[in-house]
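See structure below.
The values are calculated or read from the model by the stated rules, or taken from the named source; none is laboratory data. Small disclaimer: the values here were computed from a predicted structure and weren't measured. With ideal geometry, Cβ positions are generated from the backbone for all residues, glycine too; neighbour counts draw on all protein chains shown.
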Amino acid sequence: MKEWIEKRFDEHLELLTRLAAVPAPSHREDKRVAFLLKELEKTGYAAFADGAKNVIVPVGETLPGKFTVYMAHTDVVFPDEDALPVRREGGRLYAPGVGDDTANVTAILRILAYIKEKDLKPKQPLLFVLNSCEEGLGNLKGVREIMRAYEGRVREVVSFDCSMDEGFVVRAVGSERWRVTAKTQGGHSWGAFGRPNAIHRMAELVAKLYAQDVPKAENSRTTYNVGGISGGTSINTIAPDCQMLYEYRSDDRRGLEAMRESFKRLLAEADSPDARFEAELLGERPCGGSVDPGEQAGLIQRCRAVFAEVTGSEPACFAASTDANIPLSLGIPAVTFGLYVGDGAHTREEWLDIESLKTGLLIGLKIVCGAHFEDGDI
């Protein structure tokens, strides 16, 4: 495998550089879908895209048994519709989204190229998915559709996401995201002074949200955040409207439920005849469900063992919000980790260490091939 990686590494880096330039805002990943389908066709795969803009590559789909799913998301957090800037400086490659998650998408493409070139035959059916809408208000649309379309046929899910040095995501952090709107009569700041101001009323609600008690339970964490606020007309107008963006997160379902109850209670208390409040749910990500502990531990250990073998270190395990939320919420074992080293995710100066791509690809190849193909063929 190492020899193949070294021999093909220029191709790997060239492919990553081209893909990183292709824009892919959540819900608008069409250009990357077209790019990926073309590349997979050249590699010899009959890949296809579904209605959620997932690119799907079944391998050994006629074999009996359930699928192991390997996935990486195609969308980035940036709204650009034109080509994204990519540059190489020394041993680093810079681009918005170059690591999160373009490097991991490229790793899957190269794993598939290895399987095809070596003419490997799987022992069990595999499903490789380059999925849409993982970021922000994409609301995990891509993986939700995969779990729906292959309901009852998925054994486990490995999601390649994040940087290799961040560790393993083994528990799901759920979240609910809201847009809250306050409306009042408004009026002139002098002539109508004394009327309720929507910004003032929203500020009062924000203050109460930040004074609420956060659920506390052993080995769990719950958080909240007001991430944006806007509204009003002019400096001399009593604001007739105001909006805010609010979210809460927890790695425990009880924590989410408690935060929802607290939010709705405070919202109801803020609502009045002279200041109306409305809330719109923008997105929700579930916490983990009833996953078989033995099966989850087995998947984690299999992947961590390869990681330790290649890198010489044991990755830490933690909770986060990723594509793995959906299978975990459905009781399906799942884990998330990355196949590159870099930093600056979700900034336009994101970068990755080029040499780390070799280590990441070796980890990916060993995890996939070691579990699903005969040793003599690899």
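Do we have Tyr210 as within 27 Å of Glu135 (Cβ to Cβ) and surrounded by fewer than 18 Cβ atoms within 10 Å (Cβ to Cβ) here? Steps first, please.
Details: within 27 Å of Glu135 (Cβ to Cβ): yes; surrounded by fewer than 18 Cβ atoms within 10 Å (Cβ to Cβ): yes.
Yes; evaluated as a whole, the condition is true for this residue.
Could you check, for the stretch 105-114, whether at least one of its residues is over 27 Å from Ala316 (Cβ atoms) and touching a strand residue (DSSP E or B) at 6+ places or on another chain (Cβ under 7 Å)? Outline the logic, then answer.
So in the stretch 105-114, the residues over 27 Å from Ala316 (Cβ atoms) come out as 109, 112-114.
Now restrict to residues that are touching a strand residue (DSSP E or B) at 6+ places or on another chain (Cβ under 7 Å): 112.
Yes - at least one qualifying residue is present in the stretch 105-114.
Within the stretch 179-200, restricting attention to residues that are surrounded by 22 or more Cβ atoms within 10 Å (Cβ to Cβ) and outside any loop (DSSP other than H, G, I, E, B), the residue that is farthest from the chain's Cα centre (by Cα) is Ala198.
Restricting the stretch 230-259 to residues that are of a type in the set (Gly, Ala, Ser), part of a loop (DSSP other than H, G, I, E, B) and in contact (Cβ under 8 Å) with a residue 24 or more places away in the chain leaves a set whose member that is farthest from Leu328 (Cα to Cα) is Ala239.
Of the candidates Asp165, Asp161, the single residue that is within 30 Å of Tyr340 (Cα to Cα), surrounded by 22 or more Cβ atoms within 10 Å (Cβ to Cβ) and of a type in the set (D, E, K, R) is Asp161. Glu269 satisfies every condition listed in (1) part of a strand (DSSP E or B); (2) surrounded by fewer than 19 Cβ atoms within 10 Å (Cβ to Cβ) except (1).
Identify, from the list Thr237, Thr233, Thr184, Thr222, the residue that is touching a helix residue (DSSP H, G or I) at 6+ places or on another chain (Cβ under 7 Å), among the hydroxyl-bearing types (Ser, Thr, Tyr) and over 25 Å from Leu137 (Cα atoms).
Numbers: Thr237 fails: touching a helix residue (DSSP H, G or I) at 6+ places or on another chain (Cβ under 7 Å); Thr233 fails: touching a helix residue (DSSP H, G or I) at 6+ places or on another chain (Cβ under 7 Å); Thr222 fails: over 25 Å from Leu137 (Cα atoms).
Result of the check over Thr237, Thr233, Thr184, Thr222: Thr184.
Among the criteria (1) over 23 Å from the mean Cα position of the chain (by Cα); (2) within 19 Å of Gly142 (Cβ to Cβ); (3) without any contact (Cβ under 8 Å) to a residue 60 or more places away in the chain, the one Glu41 does not fulfil is (2). Restricting to the stretch 264-282, and then to whatever is in contact with a strand residue (DSSP E or B) (Cβ under 7 Å, 6 or more places away or on another chain) and of a type in the set (A, V, I, L, M, F, W, C), can you tell me which residue is farthest from Tyr224 (Cα to Cα)? Selected residue: Ala275. Filtering Gly152, Gly142 for residues that are assigned by TED's automatic domain parsing to the domain that holds His27 and buried (at least 20 other Cβ atoms within 10 Å of the Cβ) leaves a single hit, Gly142. Selection of first residues in the stretch 260-282 that are farther than 25 Å from Gly186 by Cα and assigned by TED's automatic domain parsing to the domain that holds Tyr210 and of second residues that are exposed (fewer than 15 other Cβ atoms within 10 Å of the Cβ) and of a type in the set (Asp, Glu), restricted to Cβ pairs under 9 Å at least 6 apart or on distinct chains, gives the following pairs, ordered by first then second residue: Ser262/Asp213. Selection within the stretch 72-87: residues that are touching a strand residue (DSSP E or B) at 6+ places or on another chain (Cβ under 6 Å) and not in a loop (DSSP other than H, G, I, E, B). The member of this set that is surrounded by the fewest Cβ atoms within 10 Å (Cβ to Cβ) is Arg87. Within the stretch 6-46, the residues that satisfy the criterion of being outside any helix (DSSP H, G or I), buried (at least 19 other Cβ atoms within 10 Å of the Cβ) and among the aliphatic types (A, V, I, L, M) are Val22, Ala24.
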